[in-house]
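Inspection log for the structure reproduced underneath, given as structure tokens.
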Amino acid sequence: MRIAIASDHAAFDLKAELRDYLIEQGHDVADLGPESADRVDYPDYGYKLASMVADGTAEYGVALCGSGIGISVAVNRNPSCRCALVSEPLSAALAREHNNANCIAMGARLTGIDMAKACLDAFLSTPFGGGRHGPRVEKLSNPSIHGSA
């Protein structure tokens, strides 16, 4: 799989470890930065990752910052991206199965390396369930398609 990964300065070390882990697993990984732990703004990297996933250059995105919240918000600004903030494997698997998430976000200050790897494994190995979830996912990318609540 072609996977894009990006972080801010707070998650620089986690990004490096996960990048290497994904490469060891046989994935083609695009490291979108940053190149050091010097202070950067997470939206810049979240937008870059979202663009790469949205245009199909990468199948999936891995977005990391201190909490995972800020960068997930940035990625989700792109209507082609469905970025799920996760902290354990079940939520990572459900993000794929129910929401067809194409990006995963985690917080380096909240998630250790072993748990982050387990989340990635669950995310990348779980297929989208389709069925009743399909029309719901379609509404996420096309807000004009809606029913009455």
Tell me, please, whether a residue that is of a type outside the set (Ser, Thr, Tyr), assigned to a helix (DSSP H, G or I), touching a residue at least 24 places away in the same chain (Cβ under 8 Å) and touching a strand residue (DSSP E or B) at 6+ places or on another chain (Cβ under 8 Å) can be found in the stretch 27-45.
-> no
Only residues that are in a helix (DSSP H, G or I) and either buried (at least 19 other Cβ atoms within 10 Å of the Cβ) or touching a strand residue (DSSP E or B) at 6+ places or on another chain (Cβ under 6 Å) (or both): list them for the stretch 104-123, please.
-> ALA116, CYS119, LEU120, ALA122, PHE123
Give me the pairs: first residue in the stretch 80-101 and basic (Lys, Arg), second residue crowded, with 22+ Cβ neighbours inside 10 Å and part of a helix (DSSP H, G or I), beta-carbon distance under 7 Å, and six or more apart or on different chains, which are they?
-> ARG96/PHE123
Can you tell me how many residues in the stretch 67-98 are within 18 Å of LYS139 (Cα to Cα) and not in a helix (DSSP H, G or I)?
-> 8
Go through (1) within 21 Å of ASP121 (Cα to Cα); (2) within 11 Å of the chain's Cα centre (by Cα) and name the single condition ASN76 misses.
-> (1)
Return yes when ALA101 is out of contact with any Asp or Glu (no Cβ under 8 Å at 6 or more places or on another chain), outside any helix (DSSP H, G or I) and either among the acidic types (Asp, Glu) or crowded, with 24+ Cβ neighbours inside 10 Å (or both) and no when it is not.
-> yes
Residue list for the stretch 6-28, filter: surrounded by fewer than 18 Cβ atoms within 10 Å (Cβ to Cβ) and charged (D, E, K, R) = ASP13, GLU17, ASP20, GLU24, ASP28
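Any read-out appearing in this document is the output of simple, stated calculations on the displayed coordinates, not a laboratory observation. Please read all numbers here as calculations on a predicted model, not as lab measurements. Every residue, glycine as well, gets a Cβ built from its backbone with ideal geometry; the counts of neighbours run over all protein chains shown.
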